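Novice: Here it is: the structure, laid out below.
The values are calculated or read from the model by the stated rules, or taken from the named source; none is laboratory data. Keep in mind that this is a model prediction, so the values were computed, not measured. Virtual Cβ from ideal backbone geometry, glycine too; neighbours counted across all protein chains shown. Ligands, DNA and RNA are excluded from the accessible area calculation, which covers all protein heavy atoms including side chains. Shrake-Rupley method; radii C 1.70, N 1.55, O 1.52, S 1.80 Å.
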Amino acid sequence: MPIGIDLTYIPRFKNKENLAKKVLNDEELKLYYEAKNKEEFLASRFALKEALIKYLELDILAIDLKDIKVKKKENGAIYVLYKDKIYDASLSHENDYCVGVVV
């Protein structure tokens, strides 16, 4: 079974609005601006997008990260949408780190 995983160091994403504009699509960017902890929000989305790239065995330079959409189901569960395909995903945060997993 394929799996993609990425661990990010949350403080690395502090005051990175320019990066947010490159990584997040319009819907995610709106949520980013509303988020209480912007660096955690950006780090977690970045981790999930990286995890999907690893899962699909793609080159990060060949993909516009904005095309990868991190979404929530009604029950709050996270999933990733890419090219009209849904991928199961999970996020976890602990202190200065977050991890994203795609299966």
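Novice: For the chain, which whole percent of the accessible surface, found with a 1.4 angstrom probe, sits on carbon and sulfur atoms?
Specialist: So the carbon and sulfur contribution to the accessible surface is 48 percent.
Novice: By how many nm would the segment from LYS30 to HIS93 grow when fully extended, if each residue of separation counts as 0.36 nm and the alpha-carbon distance is taken off?
Specialist: Extending this stretch completely gives an extra 20.6 nm.
Novice: Mind checking the per residue accessible area of the chain for me, 1.4 Å probe, whole number of Å²?
Specialist: 63
Novice: Whole-Hz ³J(HN,Hα) for each residue in segment 82-91, computed from phi via Karplus 6.51 cos²θ - 1.76 cosθ + 1.60 with θ = phi - 60°, x for glycine and proline: what do you get?
Specialist: 9, 6, 6, 10, 9, 10, 5, 8, 8, 10
Novice: Now for a different question. With n ≥ 4 as the cut-off for DSSP H runs, can you work out [θ] at 222 nm for the chain, using -39500 (n - 2.57) per run divided by the number of residues, rounded to the nearest 500?
Specialist: -10500 deg cm²/dmol
Novice: Picking from ASN15, ASN25, ASN75, which is most flexible by a Gaussian network model of the chain using Cα springs under 10 Å?
Specialist: Fluctuation is largest for ASN75.
Novice: Quick one: net charge around ILE3, please, counting Lys, Arg +1 and Asp, Glu -1 for every other residue with C-beta under 14 Å from its C-beta.
Specialist: Surrounding charge for ILE3 is -3.
Novice: Find, among the GluC sites (Glu not before Pro) in segment 29-103, those assigned to loop by DSSP (not H, G, I, E, B) with at most 16 other beta-carbon atoms within 10 angstrom.
Specialist: Of the GluC sites (Glu not before Pro), the ones in loops of segment 29-103 whose Cβ has at most 16 other Cβ atoms within 10 Å are GLU57, GLU74.
Novice: Let me ask something else. Under a no-solvent Debye model with one identical scatterer per Cα of the chain, what's log10 I(q)/I(0) at q = 0.10 Å⁻¹?
Specialist: -0.23
Novice: Under the Karplus relation 6.51 cos²θ - 1.76 cosθ + 1.60, θ = phi - 60°, what is the ordered set of whole-Hz ³J(HN,Hα) values for segment 62-68, x standing for Gly and Pro?
Specialist: 8, 10, 8, 4, 5, 6, 8
Novice: Set the Förster radius R0 to 25 Å, insert the Cβ-Cβ distance between ASN15 and VAL103 as r into 1/(1 + (r/R0)^6), and round the FRET efficiency to 0.05.
Specialist: Taking R0 as 25 Å, the efficiency between ASN15 and VAL103 is 0.15.
Novice: Each residue of segment 30-44 in order: what ³J(HN,Hα) in whole Hz does its phi give by Karplus 6.51 cos²θ - 1.76 cosθ + 1.60, θ = phi - 60°, with x for Gly and Pro?
Specialist: Karplus-based 3J(HN,Hα) across segment 30-44 equals 4, 5, 4, 5, 7, 5, 5, 10, 4, 5, 5, 4, 5, 4, 5 Hz.
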